[in-house]
Amino acid sequence: MKKIIRTDAAPAPIGPYNQAVEAGNMLFVSGQIAMDPATGQMVTINIIREANQVMLNIGAILKAAGMDFGNVVKTTIFLTDMNNFSHVNDVYGQFFQSDFPARETVQVSRLPKDVNVEISVIAVR
């Protein structure tokens with residue numbers, strides 16, 4: 001049994017997928033990019049602002065599912081330039097209080113909308 005999670009507080013999907021899918025006590029949040037849900041514009045002024053918008057989008061989806069960053073058990077970070085790792089890592093760390101989730105960070109050649117960072121998460125109740 002699965003439940004589709006959708007909120008206007010995060011960007012609408014740009015393809016045939018959902019913002020998140022809840023299955024049992026697990027929530028699978030699709031990769032989020034730095035699109036401002038209010039304007040539809042990309043927030044790519046700098047990597048810090050970009051990463052912050054990504055995390056805000058994830059937070060909005062978690063909230064729509066009745067969860068928060070404390071429920072996140074696994075994240076995947078995609079970067080187009082590993083030189084941005086420390087900046088993204090600093091922003092990312094501000095959204096977790098303790099008991100950080102498991103994570104991998106990988107460099108990729110390109111991301112949707114030519115953004116610099118995309119992050120997906122898995123959360124549990």
Specify the inter-centroid distance of the stretch 8-27 and the stretch 50-98, based on alpha-carbon positions, in whole Å.
-> 15 Å
Residue-ordered couplings for the stretch 110-125, obtained by feeding phi - 60° into the Karplus form 6.51 cos²θ - 1.76 cosθ + 1.60 and rounding to whole Hz (Gly and Pro as x), are 6, 10, x, 6, 6, 6, 9, 8, 9, 9, 10, 9, 10, 10, 10, 7
Search the structure for amide H atoms under 5 Å from the amide H of residue 20, placed 1.01 Å from N in the peptide plane, and list their residues when 5 or more places away or on another chain.
-> 5, 30
Semi-axes (Å, rounded, descending) of the ellipsoid equivalent to the stretch 2-124 per its C-alpha gyration tensor are 21, 17, 13
Find the relative contact order for the chain and round it to a whole percent, using C-alpha pairs within less than 8 Å whose residues are 6+ positions apart.
-> 31 percent
Cα centre as origin, Lys/Arg/Asp/Glu Cβ charges: the chain dipole, Debye = 380 debye
In sequence order, calculated HN-Hα J values of the stretch 38-52 (Karplus, 6.51, -1.76, 1.60; Hz; x Gly/Pro) = 6, 10, x, 8, 7, 9, 10, 4, 7, 5, 5, 5, 5, 5, 4
Working out 0.36 nm times the residue gap between residue 80 and residue 48, then minus their Cα-Cα distance, what length gain in nm do you get to one decimal?
-> 10.1 nm
The stretch 62-125 - Rg (one decimal) and Dmax (whole number), Cα, Å | 12.4, 34
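FYI, it's all coordinate maths here, none of it is from the lab. Note that this is a predicted model, so its numbers are computed, not measured. Positions of Cβ are generated from backbone atoms using ideal geometry, with glycine treated the same way; all protein chains shown enter the neighbour counts.
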